[in-house]
Every structure is written in structure tokens, then in C-alpha cells.
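First up is the structure itself, then whatever we jot down about it.
Only the coordinates and a few stated rules stand behind these numbers; no lab work does. Quantities reported herein were computed from a predicted structural model and do not represent experimental measurements. Ideal geometry is used to build each Cβ from the backbone, glycine not excepted, and the neighbour counts take in all protein chains shown.
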Amino acid sequence: MTTTQLATSPPLPPRWAVYAAHAAALVTLPSGVWRLLLAAGFTAGYTEAGYEAMGFTGWGAIYVVGLTAGGELLALLTLGLVRPWGEVLPQWVPLVGERRPNPRAVTVTASLGAVALTLILTQFAFWWAFPHPDMTPLGSTVAGILYLPLVAWGPLLAAVALNHHRRHRTAGL
């Protein structure tokens, strides 16, 4: 007697995981808008001398725009942990379209990303503890407020990655 194992789908993510994934995708927006203003030529809280010293013109502007776009794209990938396009990749994805990614590889990658983000971005929780001589006092406060949501990105990604792991382990995938 031969048995055939059908590919099972993992259970749907709980509502909190969907909200956490969306929050992870949104926490990068405030600082991203601020960086885009810098690239567009606004001093955005820097003194004139500080703005010039930071080099936000020319290649510096391209770097800042690239950093912002890359961060937003990485943040949006969190949604793949709770959306159908993360379970089976869309057809338009080169080489791997219409394939199911390895859940363990997805979980490990997301978890490593969560650890890295937490280690890198936690410093923004302490923004006010360090002087910023190239910024005006108001500019420093506004920048600190705009960067503060980034502190939550790593923990949010970790929670969603853990939920992704548990759902796929339950489904036997």
C-alpha cells in the first residue's frame, strides 16, 4: 500500500502577527522621509555647516536615497512572513517564481535579520544622551523622534519570525 503525502499549508497567522508585520513595515517610514528631505536639499535640522559636512549632495544624496529605498524594501519583506506571496513566491520572481521557499531558511534569515536590526538600531533609543553639535536643538529632537520607531523594527521582526516558525512546524513543513 502506497501513501502519498499531500503538501499542507501552514495555519493562517494570528491577527497580532499580521499587525506586527505591518508595523515592522511602517516603522522605517518616519526616518526614511527625513532622509529623503536631506537628499532633496533641506537641512532638516542640521546647521548649514553640519549639512555641508555630512555631504548630503551629489553621491551622498544617492547613497541616502538608496539607503532609504533598501530599508523600506527590507521592511516590506516582513509582510511575506504573514502573506500568501511569502508561502509561494510570485511567478514574476526570477528563477524561483511559483516555488515554496524553505521555511527553515526563511525563519533563520528573518531571525538573523531581527538580531542584527536590534543590535544596530537600539542606539537610537539613546539619541538624546549624546550631543549632536552639527544639529540645531530642535532638529536633534525631531530627528530623535523620527528615528525612535526604528528601535521596534528588530523585535517586531523577531516576533513575526517566531510565529512563522511555529506555524510551519505545526504544519510539518
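Could you work out how far apart the two model spin labels at residue 116 and residue 54 are, taking each label as a point 7 Å from the Cα in the direction of the beta carbon, and quote it in nm?
With each label point 7 Å from Cα toward Cβ, the separation is 2.4 nm.
For a test of the definition: using alpha carbon positions, the gyration tensor, and the 1.5 limit on a/c, classify segment 132-173 as rounded, prolate or oblate.
Since a/c reaches 1.5 and a/b is larger than b/c, the shape of segment 132-173 is classed as prolate.
Which order, highest average first, do 161-169, 67-75 follow once you tally other Cβ atoms within 10 Å for each residue and take the mean per peptide?
In decreasing order of mean packing, 161-169, 67-75 become 161-169, 67-75.
Kindly identify segment 17-63 as rounded, prolate or oblate by the Cα gyration tensor criterion: order the square roots of the eigenvalues as a ≥ b ≥ c, call it rounded if a/c is under 1.5, otherwise compare a/b with b/c, prolate if a/b is larger, else oblate.
It comes out prolate by the Cα gyration axes.
Using only the Cα atoms, what convex hull volume per residue in Å³ does segment 11-108 have?
Roughly 130 Å³ of hull volume per residue.
Under 8 Å for C-alpha pairs, at least 6 residues apart: give me the relative contact order for segment 62-173, rounded to a whole percent.
This gives 31 percent for segment 62-173.
What residues have an amide H closer than 5 Å to that of residue 135, excluding those fewer than 5 places away on the same chain, when H is modeled at 1.01 Å from N in the peptide plane?
Hits under the 5 Å cutoff: 47.
Quick check on segment 97-163: take the gyration tensor over C-alpha atoms, sort the square-rooted eigenvalues as a ≥ b ≥ c, and tell me if it's rounded (a/c under 1.5), prolate or oblate.
Prolate.
Contact order normalised by length for segment 73-128, with contacts defined as Cα pairs under 8 Å and 6 or more residues apart; what percent is it?
17 percent
What is the extension gain from residue 12 to residue 36, computed as 0.36 nm multiplied by their sequence separation minus the C-alpha to C-alpha distance, in nm to one decimal?
5.0 nm
Kindly provide the pair-distance distribution of the chain built from C-alpha pairs, with 5 Å bins from 0 and whole-percent values in order of increasing distance.
1, 8, 14, 16, 16, 13, 10, 8, 6, 4, 2, 1, 1, 0, 0, 0
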